[in-house]
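Asker: Sharing a structure here in structure tokens format.
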Amino acid sequence: MTEFGDRLVGAAFEVIWASQLPRLLRARSKARGIIFALSRVLPDDAADFAPNAALQVRPDFLAFAITRVRQLGFDIVDMDEAARRIESDERSKPFAVISFDGAFRDNMKYALPILRRQQCPFTLYVPTALVDGVGEVWRQALEEIVATQNALAVSHGGETEYHATATLSEKRDAYQSLLKRLRTMPEAERVKLIRDLAKQYGLDLERHCRELVMDWSELRHFAAERLCTIGAGAVHGYELAKLSPADARSEIEQSVRILKAQFGRAPVHLSYPVGDAASAGPREFTLARELGLRTAVTAVQGGIYAADRYRLHSLPRVRLSGNLQSRRHVDVLATPALFSLGR
């Protein structure tokens with residue numbers, strides 16, 4: 001989303017909050033619950049050029065969100081209990097799930113103490129190649145490359161295109177243009193191009209990954225927390241819909257096997273990498289079901305309703321966004337009906 005788009009959404013949230021609509025909708029809602037999606041937790045405000053700012057929230061915002069969601073009448077539960085409540089014929093208090101994608105090291109440093117202090121169950125979806133240190137945290141890598149250069153020459157398919165990146169506006173335009181291009185490529189071509197760019201502009205992708213993502217010893221410490229449920233995040237974080245059926249199956253199946261080998265128990269919950277409609281669809285939902293996963297979550301916005309018992313492998317989530325960190329925004333984010341209208 002562009003900076004203008006972020007401001008527009010923020011303004012809309014302020015209007016919705018002031019209207020008292022969230023309170024009225026929650027009072028009449030038939031929603032069973034809501035699954036919140038997070039990625040990173042960092043104490044500092046995002047830099048002026050931070051195209052991935054939506055993926056990071058401050059620790060104080062996370063702490064407030066947990067407290068406020070409970071004040072609004074939600075039980076915060078793990079994914080096992082969420083699945084049970086979705087399938088149950090009995091109505092209970094609405095539930096909320098706190099879920100993290102990516103196994104970022106800052107989750108251990110800044111999120112875990114809050115989760116412990118508030119006795120808040122949570123789910124961590126793990127992309128195993130990144131924990132091995134052999135994958136690419138490619139969106140953040142692209143952000144760093146653009147941030148540190150005044151111009152970029154991007155070669156692909158025998159052609160070279162140039163991007164001015166000296167000013168803040170130019171950096172934002174270049175990042176969005178390159179992101180769109182990378183996302184439309186086959187995954188093998190995307191991997192090659194981001195590696196070529198990193199080599200060209202002096203970014204060590206392996207070191208970059210190691211700095212951002214927990215290693216196995218850290219992850220085992222993290223997962224030892226009784227509040228933690230480990231879920232699969234595929235192996236490399238590839239957009240599964242762009243892979244062949246065999247490769248997509250392997251990405252899920254191998255991540256489950258690796259996590260079972262590391263922790264002695266196979267995960268039964270999955271998060272589709274990226275998770276929007278372009279990266280995960282009916283084929284991927286079927287794969288997750290065939291491979292024995294109990295649930296799988298997407299990045300499609302929405303609350304959880306009784307009908308979701310029939311689509312446990314395409315569950316929607318609502319992102320706790322770094323661009324929406326006013327305390328008033330939590331009341332809006334915790335209103336499932338507002339995010340389910342277009343589903």
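The values are calculated or read from the model by the stated rules, or taken from the named source; none is laboratory data. Computed from a predicted model, the values in this text were never measured in an experiment. In this analysis, Cβ positions are derived from the backbone assuming ideal geometry, glycine residues included, and neighbour counts consider all displayed protein chains. Calculation scope for accessible area: heavy atoms of the full protein, side chains included, ligands and nucleic acids excluded. Shrake-Rupley method; radii C 1.70, N 1.55, O 1.52, S 1.80 Å.
Asker: Fully extended, how many nm does the chain gain between D60 and E144 (0.36 nm per residue separation, minus their Cα-Cα distance)? Don't skip to the answer; put the middle values down first.
Answerer: Values: separation 84, 0.36 × 84 = 30.24 nm, distance 2.57 nm.
Here the answer is 27.7 nm.
Asker: Right, another one. Kindly list the residues of segment 289-322 that lie in the label zone of A277, defined by a backbone N under 19 Å from the point 7 Å along the Cα-to-C-beta vector.
Answerer: 297-305, 308, 311-319
Asker: About the Cα centre of segment 72-137, what is the dipole size in debye to 20, counting +1 per Lys and Arg Cβ and -1 per Asp and Glu Cβ, all else neutral? Kindly include the intermediate steps, with their values, before the conclusion.
Answerer: On the way: 8 positive and 11 negative charges, 79 e Å.
That gives segment 72-137 a dipole magnitude of about 380 debye.
Asker: Between E161 and A12, take the C-beta separation as r, use R0 = 45 Å, and let me know the FRET efficiency to the nearest 0.05. Intermediate values should be presented prior to the final figure.
Answerer: Details: r = 35 Å, r/R0 = 0.78.
Here the calculated transfer efficiency is 0.80.
Asker: Now for a different question. Determine the per residue accessible area of the chain with all protein chains present and a 1.4 angstrom probe, expressed in square angstrom. List each step's numbers first, then the result.
Answerer: On the way: 15430 Å² over 343 residues.
Ligands and nucleic acids excluded, the figure is 45 Å² per residue.
Asker: Now, a different point. Mind ranking 292-305, 17-30 by how tightly packed they are, going by the mean number of other C-beta atoms within 10 angstrom, highest first? Before the final figure, lay out each step's value.
Answerer: Values: 292-305: 21.6, 17-30: 13.6.
Output ranking for 292-305, 17-30: 292-305, 17-30.
Asker: Bin width 10 Å, origin at 0, all Cα-Cα pairs of segment 276-325: what percent of pairs per bin?
Answerer: Spelled out bin by bin, segment 276-325 gives 24, 50, 21, 5 percent.
Asker: Hey, another quick one. Rounded, prolate or oblate: which fits segment 193-343 when a ≥ b ≥ c are the square roots of the eigenvalues of the alpha-carbon gyration tensor, with rounded for a/c under 1.5 and prolate only if a/b beats b/c?
Answerer: On the way: a/c = 1.40, a/b = 1.23, b/c = 1.15.
Because its axes are fairly even, with a/c under 1.5, segment 193-343 counts as rounded.
Asker: Under 17 Å from the Cα of K260, which lysines turn up, not counting those fewer than eight places away in the same chain?
Answerer: none
Asker: Given +1 on the Cβ of Lys and Arg, -1 on the Cβ of Asp and Glu, and no further charges, what dipole in debye does the chain carry about its Cα centre, rounded to the nearest 20?
Answerer: On the way: 47 positive and 42 negative charges, 284 e Å.
With only Lys, Arg, Asp and Glu charged at Cβ, the dipole is about 1360 debye.
Asker: Taking the Cα centre of segment 190-291 as the origin, how large is its charge dipole in debye, to the nearest 20, when only Lys and Arg (+1) and Asp and Glu (-1) carry charge on their Cβ atoms? Show your work: numbers first, answer last.
Answerer: On the way: 15 positive and 14 negative charges, 37 e Å.
Here segment 190-291 has a charge dipole of around 180 debye.
Asker: P(r) tail for segment 138-265, what percent of Cα pairs lie past 17 Å? Please list the in-between numbers first.
Answerer: Numbers: 5368 of 8128 pairs.
Roughly 66 percent, once rounded to a whole number.
Asker: With a 1.4 Å probe and all protein chains left in place, how much of the accessible area of the chain comes from carbon and sulfur atoms, in whole percent?
Answerer: 52
Asker: Name the lysines eligible as straight-distance cross-link partners of K171: C-alpha to C-alpha under 20 Å, and not fewer than 8 places from it in the same chain.
Answerer: By straight Cα distance, K171 reaches K180, K199.
Asker: I need the calculated FRET efficiency for the pair S217 and R28, taking r as the beta carbon distance and R₀ as 56 Å, to the nearest 0.05.
Answerer: Working: r = 49 Å, r/R0 = 0.87.
Once the sixth-power term is evaluated, E becomes 0.70.
Asker: Continuing with the same structure: Could you tell me what fraction of 2.2 N^0.38 Å the Cα radius of gyration of the chain comes to, as a two-decimal ratio?
Answerer: Details: Rg = 19.8 Å, N = 343, 2.2 N^0.38 = 20.2 Å.
Normalised Rg, Cα atoms only: 0.98.
Asker: Is segment 6-112 best put as rounded, prolate or oblate by its Cα gyration tensor, with a ≥ b ≥ c the root eigenvalues, rounded for a/c under 1.5, and otherwise prolate when a/b is larger than b/c, oblate when not? Could the numbers behind the result be given before it?
Answerer: Values: a/c = 2.38, a/b = 1.30, b/c = 1.83.
Because a/c hits 1.5 or more and a/b fails to exceed b/c, segment 6-112 counts as oblate.
Asker: In nm, to one decimal, how far is the modelled label at A153 from the one at D45, with both set 7 Å along Cα→Cβ?
Answerer: That separation, rounded to one decimal, is 3.8 nm.
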